[in-house]
Amino acid sequence: MPITAELVRDFFVPVYANEHPLTKGVIASIPADKAGYTPDAVARPAIDLAWHIVSAEIRFMKAVASGAFDYGNSTRPDAVSSPMDVVNWYSGAFESALDRLKLAPGDQLMKAIDFRGLFSLPAYAYLQSGISHTIHHRGQLTMYLRPMGARVPSIYGESYDSRQARESGQKR
């Protein structure tokens with residue numbers, strides 16, 4: 001079977017769907033009163049890193065489906081001020097973006113899309129970039145959690161914190 005743009009899309013749709021609850025779990029683990037935590041003066045605060053993760057993921061998905069990146073409105077809205085606000089925004093935006101992605105036709109997926117004037121790739125190639133970006137920054141955000149006094153959720157297997165909660169009979 002030849003590899004087609006639709007096959008690549010159909011491979012990545014469940015990847016995005018599988019990563020989605022993991023990303024929400026990490027963001028939901030940020031203590032609301034520690035959302036401004038940053039491990040260093042040059043690092044983003046946790047809430048801004050969480051927003052960057054979810055807004056960029058949606059931007060990648062929409063670019064593949066529409067044929068162009070939209071860099072407008074990338075600033076976190078004032079109404080999205082807590083980790084749960086980020087999770088709620090992401091939950092709503094994700095379903096819509098994923099539905100649009102599922103319907104993107106092969107010719108659209110083959111169309112070259114410019115990325116900030118740095119390079120131009122077929123739309124489907126940005127599916128890998130988008131999910132890699134999410135995973136990379138989610139890992140960064142996970143490293144913020146313990147210094148904030150939060151538990152690290154399970155991601156690709158049971159985390160230390162999840163195991164400790166399970167062994168002590170706590171729900172986590």
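Since every read-out is calculated from the coordinates, none of them should be taken as a lab result. Values in this document were obtained by computation on a predicted structure and should not be read as measured data. Cβ atoms come from the backbone with ideal geometry, glycine included; neighbour counts cover every protein chain shown.
Taking segment 136-152, which residues are under 17 Å from residue 20 (Cα atoms) and in contact with an Asp or Glu (Cβ under 7 Å, 6 or more places away or on another chain)?
Scanning segment 136-152 gives a single hit, 152.
Of the residues 94, 60, 69, only one is among the hydrophobic types (A, V, I, L, M, F, W, C) and touching a His at 6+ places or on another chain (Cβ under 6 Å); which?
94
Might you check whether a residue that is within 18 Å of residue 12 (Cβ to Cβ), without any contact (Cβ under 8 Å) to a residue 40 or more places away in the chain and either out of contact with any Gly (no Cβ under 6 Å at 6 or more places or on another chain) or part of a helix (DSSP H, G or I) (or both) occurs anywhere in segment 158-166?
The answer is no, given that none of the residues of segment 158-166 is within 18 Å of residue 12 (Cβ to Cβ), without any contact (Cβ under 8 Å) to a residue 40 or more places away in the chain and either out of contact with any Gly (no Cβ under 6 Å at 6 or more places or on another chain) or part of a helix (DSSP H, G or I) (or both).
Could you tell me which residue of segment 78-103 is surrounded by the most Cβ atoms within 10 Å (Cβ to Cβ), considering only residues that are among the β-branched types (Val, Ile, Thr) and in a helix (DSSP H, G or I)?
86
Return the residue satisfying two criteria in turn: it lies in segment 11-64 and is among the acidic types (Asp, Glu) and in a helix (DSSP H, G or I), and of such residues it is nearest to residue 147 (Cα to Cα).
33
Does residue 16 qualify as being of a type in the set (Ser, Thr, Tyr), in contact (Cβ under 8 Å) with a residue 60 or more places away in the chain, closer than 14 Å to residue 97 by Cβ and surrounded by 15 or more Cβ atoms within 10 Å (Cβ to Cβ)?
yes
Please go through (1) crowded, with 19+ Cβ neighbours inside 10 Å; (2) small (Gly, Ala, Ser); (3) over 24 Å from residue 29 (Cα atoms) for residue 55 and return the number of the only condition it doesn't satisfy.
(3)
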